[in-house]
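Every number here is computed from the coordinates shown, using simple stated rules; none is lab data. These numbers come from a predicted model, not from an experiment. In this analysis, Cβ positions are derived from the backbone assuming ideal geometry, glycine residues included, and neighbour counts consider all displayed protein chains.
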Amino acid sequence: MTAFTFDPENDAHAKALGMLERDLIAWIVTTAEDGSPRAVPVWFFWHDGRLSILSEPGSHKVAHVRRGSPVLVHLQAGGPFGDDVVVLRGSAEVLDRGTLSWLEDHREAYSAKYAEAIEAYGMPIEDIVEKFSTVLTFTPEHLLAW
């Protein structure tokens, strides 16, 4: 599959892009070897048409992605009735470079997006990227949004 191209003139696509830039939490769904789904909330960073997710290296989602699991990313449903829906299906990979290298490119924007969360987490960004030392990169291939 190829990366999904967002059309900013399309209302649903424009809303999805806005949510990808602003939202703090997404749910990533991967599958275990037996096919059972696993959904977990994650911090994410949208940049150049891809999501970056920092993860602990021994997590299930990292193992699933390494194995080639299909991936679904679902943003928190917003709106007064849960009617702001963005679901992305695509592929993910584990980046070869670690989070410290990734952070060099994205520190300012990532730190600004998660400033309150980082403060509440009680760890400086350097300690967070040391703990969550694996970067997953998700490329959307299909969008479902309304």
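Miscellaneous remarks
- Farthest positive-ward along the chain dipole, Cα basis, beta-carbon charges - from V135, H106, P37: P37
- Stokes-Einstein D (µm²/s) once Rh is taken as the Kirkwood radius of the stretch 11-145 over alpha-carbon pairs, at 10 °C in 1.306 mPa s: 104
- Proximal lysines to K61, defined as alpha-carbon separation beneath 26 angstrom and excluding residues fewer than eight positions away on the same chain: K113, K131
- The charge dipole of the stretch 11-145, taken about its Cα centre with unit charges on the Cβ of Lys, Arg, Asp and Glu (plus for the first two, minus for the last two), comes to roughly 340 debye.
- Value of relative contact order over the chain, rounded to a whole percent, pairs C-alpha under 8 Å and six or more apart: 31
- Percentage relative contact order, the stretch 74-144, counting C-alpha pairs under 8 Å, at least six apart: 49
- By the count of other C-beta atoms within 10 Å, a proxy for reagent exposure, L136, L103 are ordered fewest to most as L103, L136.
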